[in-house]
Amino acid sequence: MESNNITVVGLQWGDEGKGKIVDALARTSCYVTRYCGGANAGHTVKAGGEKFALHLIPCGILHEKVINVIGNGVAFDPEVAWGEIVALRERHIRIDSENFRISSCAQLVMPWHKYQDKLNEQSLGRNKIGTTARGIGPCYADKANRSTSIRACDLLDVASLEQKIRHIGQQKNTVFAALYNAAPMDIGTIVAQFRSLAENLSPMICNTSALLRNACQAGRRILFEGGQGSMLDIDHGTYPYVTSSPVTACGVPAGAGVSPKSVGRVLGIMKAYTTRVGAGPFPTELDNEIGQAIRDAGHEYGTTTGRPRRCGWLDAMVVRYTASLSGVDELALMLLDVLTGFDELKICTGYKIDGEIVKDFDPARLDEVECVYETMPGWQQDITDCRKFSELPAEAQNYVRRISEIVGVPVGIISVGPERTQTILHESEIKELA
Ligand code: IMP
């Protein structure tokens, strides 16, 4: 059976503007599902003049009939989730066990994971990864380790949960003292905190894999909401400067508990330029006044950590690689308006290593490449009110066409501002966005 689902993935180093597109697509979806990452994500959605910054709760929560799912592949931080639930309820957004479901198999981010993330980064000094300090890496490490993991299903049995917290917490205190000379955590406080979180979150925990597979069978649309960006993928990104989960569309089946055939139409989200937060290779980075101009115009400061993002020209080699990894059907080109006012724009269309053109993209060798650029004329007109492709200045139209040509995937959606209405549908197969 042909899948009716849509998967949204970021094609660069995160922060591509997935939140706006997921929010728009959520209107026609029955389920919105997170399958990777955790509270390291930061999705900003502007709706009805209000701004919502979500880290863990799927963006579908802003739509009344949508069921929002935390898949088994998510590093689920109960403290952050409960904080977001309370904050959303204060703004009169309904969120309860009917419209928010947490996989019983999702790994819990525990206070020691966040503590370890910080201690580890401090100990790495100049070699630090530049994580979001949300405990993501240590949580997935414990998932793989098994004997030190705590899952959402453990919240359903408070007596056994308490035992686990005491046992694992003590182990962690011993290890942190030996490794980092760190002060011990107060395990009693963690037990008390988790007793209360268990009570609040238990009604929302269930077998989400079955829920989603049944939905697929019934032909009900699921929107899979990718976190981070494909260049941060644990396997296919710029390792070790990556996050700790599979974030491409390949992560959907494993992280949501559905068949690979359920991935559906894959929508790749990209910025009209490139940004990155944290350390690691970034071939088109502009550590100069042009980079600063992009940062200012695009408000390029992290939603999760507030850190200034590194900015640079569009690296089409990156997008071509990541689009092919996820089998992207259509591109959504975000933040095109940020490029207004530049005399000329550059697109990286190739790499050289030792003077030789590189044939196959290799994320492991990204710090060795020299970029080959194509220069295109910029545009000066404000494009934030354009609603049709034909209303864009010719230079902007050419820029969009060239991206599509190099990446080999049509640009279906163009975003010219943060509001839902500031969107141009151009050859999109996703008619529901109109
Ligand atoms: P972690 O996921 O917190 O372990 O961070 C690992 C790397 O991924 C760091 O460079 C972070 O800045 C980056 N990162 C993680 N999540 C996001 C995101 O949602 N947007 C952009 N960068 C992210």
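What to note about this one:
- Computed from backbone phi with θ = phi - 60° and the Karplus coefficients 6.51, -1.76 and 1.60, the 3J(HN,Hα) list for the stretch 371-384 is 7, 9, 10, 10, 9, 10, x, x, 9, 10, 6, 5, 10, 5 Hz; x is used for glycine and proline.
- Residue 329 accessible area, assembled protein chains, probe 1.4 Å, Å²: 60 Å²
- In Hz, Karplus ³J(HN,Hα) per residue of the stretch 262-271 (6.51, -1.76, 1.60; θ = phi - 60°; x = Gly, Pro): 8, 4, x, 6, 9, 9, x, 9, 9, 7
- Accessible surface of the stretch 269-433, 1.4 Å probe, proportion on carbon and sulfur as whole %: 46 percent
- Taking each residue as 0.36 nm, the span from residue 186 to residue 299 lengthens on full extension beyond its C-alpha to C-alpha distance by 36.8 nm.
- Working from label points 7 Å from Cα in the Cα-to-Cβ sense, the residue 214 to residue 375 distance is 6.2 nm.
- Residue 50/residue 160 FRET efficiency (R0 35 Å; Cβ-Cβ; nearest 0.05): 0.30
- DSSP bridge orientation in the stretch 269-433 - percent antiparallel, rounded to nearest 5: 70 percent
- Estimated [θ] at 222 nm from DSSP helical runs (n ≥ 4, -39500 (n - 2.57)) normalised by residues in the chain, nearest 500: -9500 deg cm²/dmol
- Here the relative contact order of the chain, from alpha carbon pairs under 8 Å that lie six or more residues apart, stands at 20 percent.
- Most to least accessible of 270, 185 (protein chains only, probe 1.4 Å): 185, 270
- Proximity of backbone amide H atoms, modeled 1.01 Å from N, is registered between residue 423 and 416 at under 5 Å, excluding neighbours fewer than 5 places apart on the same chain.
- Other-chain or far-sequence residues with amide H under 5 Å of residue 411's (modelled H): 331
- Two-decimal Rg/Rh across the stretch 190-308, once Rg and the Kirkwood Rh are taken from alpha-carbon atoms: 1.07
- Accessible area of the chain divided out per residue, in Å², using a probe of 1.4 angstrom: 41 Å²
- Unpaired Cys in the chain, meaning no second Cys C-beta under 4.7 Å: 30, 36, 59, 105, 139, 153, 206, 216, 250, 311, 386.
- FRET efficiency, residue 193 to residue 64 (Cβ-Cβ, R0 25 Å, nearest 0.05): 0.20
- Contact order relative to length of the stretch 284-362, as percent, for alpha carbon pairs under 8 angstrom and 6 or more apart: 31 percent
- Rounded Å value of the spacing that divides the Cα centres of the stretch 1-27 and the stretch 182-225: 22 Å
- Near residue 7, the amide H atoms lying under 5 Å from its own belong to 224, 265, 266, 267; only residues 5 or more places off or on other chains count, and H is placed 1.01 Å from N.
- Each label was represented as a point 7 Å from its Cα along the Cα-to-Cβ direction; for residue 287 and residue 259 these points are 5.0 nm apart.
- Across 402, 295, 94, the residue with the most accessible area heads the list, and the full order at a 1.4 Å probe is 94, 402, 295.
- Scanning the chain for DSSP H helices at least 24 Å long along the axis (C-alpha atoms) with a Kyte-Doolittle mean no lower than 1.0 picks out nothing.
- As a length-normalised measure over Cα pairs under 8 Å and 6 or more apart, the relative contact order of the stretch 107-201 settles at 28 percent.
- For the chain, the Rg and Dmax computed from alpha carbons only, in angstrom: 21.6, 66
- Take every DSSP beta bridge whose two residues both sit in the chain; close to 40 percent of them are antiparallel.
The values are calculated or read from the model by the stated rules, or taken from the named source; none is laboratory data. None of these values were measured; they are calculated from a predicted model. Cβ coordinates were reconstructed from backbone atoms using ideal geometry, including for glycine residues, and neighbour counts include every protein chain displayed. For the accessible areas, the whole protein counts, side chains as well, though only heavy atoms, and no ligand, DNA or RNA atoms are used. Shrake-Rupley method; radii C 1.70, N 1.55, O 1.52, S 1.80 Å.
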